[in-house]
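**Student:** Starting off with a structure, shown below.
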Amino acid sequence: MAIRQGGHWGKIDYLYEDRDIIAVSKPVGLAVIAPEGSRAKTLYDIVTDHMRRANPHARPAVVHRLDRDTSGVMMFAKSAAGKKVLMSRWNELVRERLYVALAEGAFRGESGIFDSWLIENRAGTVYAAKEGTRGALRAVTAWRVLREGKRYSLLELRLETGRKHQIRAQLSAAGHPVAGDVRYGARTDPLGRLCLHATTLTIEHPFTRQIMRFESPFPNEFLSFCTK
């Protein structure tokens with residue numbers, strides 16, 4: 001198993017690169033692609049500039065995304081063939097997706113599973129719905145408490161499905177929104193950011209079939225709010 005690690009919080013880290021894929025650690029506050037009408041620099045633009053140093057005609061392909069205010073591991077395809085394979089077999093190739101979140105409140109128990117049905121409204125906000133609701137998709141997330149304080153819990157979350165805003169919506173529905181996530185009901189903003197970080201992506205390489213694990217350590221600041 002190949003392991004690639006990165007650090008250096010607050011800037012782009014290139015965790016791994018070959019002719020077909022490139023893995024990076026995305027900083028918080030940087031959009032993956034620009035919203036319509038925006039000219040702001042994006043992660044896609046930065047990765048494109050990086051690739052064009054070697055090939056002026058290079059263009060990365062987005063095969064999955066992180067929210068603008070979520071940091072951590074992301075991967076791009078570097079070739080049309082890579083994009084095709086990754087997008088058609090993503091759920092099969094991905095073996096593990098881990099996140100760490102600083103959530104409001106204390107949890108009952110040390111671990112558990114969120115298994116719910118999520119639906120998106122017209123404003124782009126996701127919320128829990130009853131099973132069988134038209135348009136609702138099943139979302140499954142395994143969670144465990146890493147550390148707990150008086151006001152916050154540090155959680156590791158393992159995605160079993162990959163729905164939009166899955167972790168944010170499920171934690172909100174459980175009464176423990178991600179700290180700083182005003183959109184999903186957070187009452188506090190201790191770090192001036194959404195306290196959610198993608199720490200690990202383990203995937204089978206689309207062509208070599210090698211199992212690759214990309215890691216980005218979560219911000220140390222998360223820990224400082226989990227003191228007794």
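Values quoted throughout were computed directly from the atomic coordinates according to the rules given, and no laboratory measurement underlies them. In this text, all values refer to a predicted model and were calculated from it rather than measured experimentally. Glycine also receives a Cβ, built like all others from the backbone with ideal geometry; neighbour counts cover every protein chain displayed.
**Student:** Which order results if Trp143, Trp90 are arranged by neighbouring Cβ count within 10 Å, fewest first?
**Tutor:** Fewest to most other Cβ atoms nearby, the residues stand as Trp90, Trp143.
**Student:** Rounding to the nearest 10 and keeping the result within 0 to 90°, find how far the Cα-based axis of helix 80-93 lies from the longest principal axis of the chain.
**Tutor:** Tilt of helix 80-93: around 30 degrees.
**Student:** Multiply the residue gap between Thr48 and Arg138 by 0.36 nm, knock off their C-alpha separation, and tell me the result in nm, one decimal place.
**Tutor:** 29.0 nm
**Student:** Turning to a different aspect of this structure: Using Cα springs under 10 Å in a Gaussian network model of the chain, which residue among Leu196, Leu154, Leu146 shows the largest mean-square fluctuation?
**Tutor:** Leu146
**Student:** If you rank Thr200, Thr141, Thr161, Thr227 by fewest surrounding Cβ atoms within 10 Å, what's the result?
**Tutor:** Placing the least packed residue first, the sequence is Thr227, Thr161, Thr200, Thr141.
**Student:** Treating only the Cβ atoms of Lys and Arg (+1) and Asp and Glu (-1) as charged, compute the dipole magnitude of the stretch 150-228 about its Cα centre; round to the nearest 20 debye.
**Tutor:** 240 debye
**Student:** Then there is this: As I understand it, the dipole of the stretch 74-228 uses +1 on the Cβ of Lys and Arg and -1 on the Cβ of Asp and Glu, about the Cα centre. Which of Ala186, Leu155, Ile119 lies farthest toward its positive end?
**Tutor:** Of the candidates, Ile119 comes out farthest on the positive side.
**Student:** Shifting gears a bit: Charges only on Cβ, +1 for Lys and Arg, -1 for Asp and Glu: so what's the dipole of the chain about the Cα centre, in debye to the nearest 20?
**Tutor:** 340 debye
**Student:** Rounded, prolate or oblate: which one fits the stretch 17-78, using the alpha carbon gyration tensor with axes a ≥ b ≥ c (rounded when a/c is under 1.5, else prolate when a/b beats b/c, else oblate)?
**Tutor:** Cα axes put the stretch 17-78 in the oblate bin.
**Student:** Next question, about the same structure. Report the percentage of all Cα-Cα pairs in the chain whose separation exceeds 31 Å, rounded to a whole percent.
**Tutor:** Values: 5638 of 25878 pairs.
Within the chain, distances greater than 31 Å cover 22 percent of Cα pairs.
**Student:** State which entries of Lys83/Lys130; Lys130/Lys150; Lys26/Lys83; Lys41/Lys150; Lys84/Lys130; Lys41/Lys130 exceed 29 angstrom in Cα-Cα distance in the structure shown.
**Tutor:** Lys83/Lys130; Lys130/Lys150; Lys41/Lys150; Lys84/Lys130; Lys41/Lys130
**Student:** Let me ask you something else. Obtain the nm distance between the two label points defined at Thr208 and Glu110 by a simple spin-label model: each point lies 7 Å from its Cα along the Cα-to-C-beta direction.
**Tutor:** A separation of 3.7 nm, rounded to one decimal place.
**Student:** Report the label-to-label distance for Ser38 and Arg59 in nanometres (one decimal), using points 7 Å from each Cα along the Cα→Cβ vector.
**Tutor:** Taking the two extended label points, one gets 2.1 nm.
**Student:** I've got another one for you. What is the fewest-to-most order of Arg134, Arg68 by other Cβ atoms lying within 10 Å of their Cβ? Kindly include the intermediate steps, with their values, before the conclusion.
**Tutor:** Numbers: Arg134 6, Arg68 18.
By the 10 Å Cβ count, ascending, the order reads Arg134, Arg68.
**Student:** Can you run phi through the Karplus equation (6.51, -1.76, 1.60; θ = phi - 60°) for the stretch 34-47 and list ³J(HN,Hα) in whole Hz, with x for Gly and Pro?
**Tutor:** 6, x, 4, x, 8, 10, 5, 4, 10, 4, 4, 4, 5, 5
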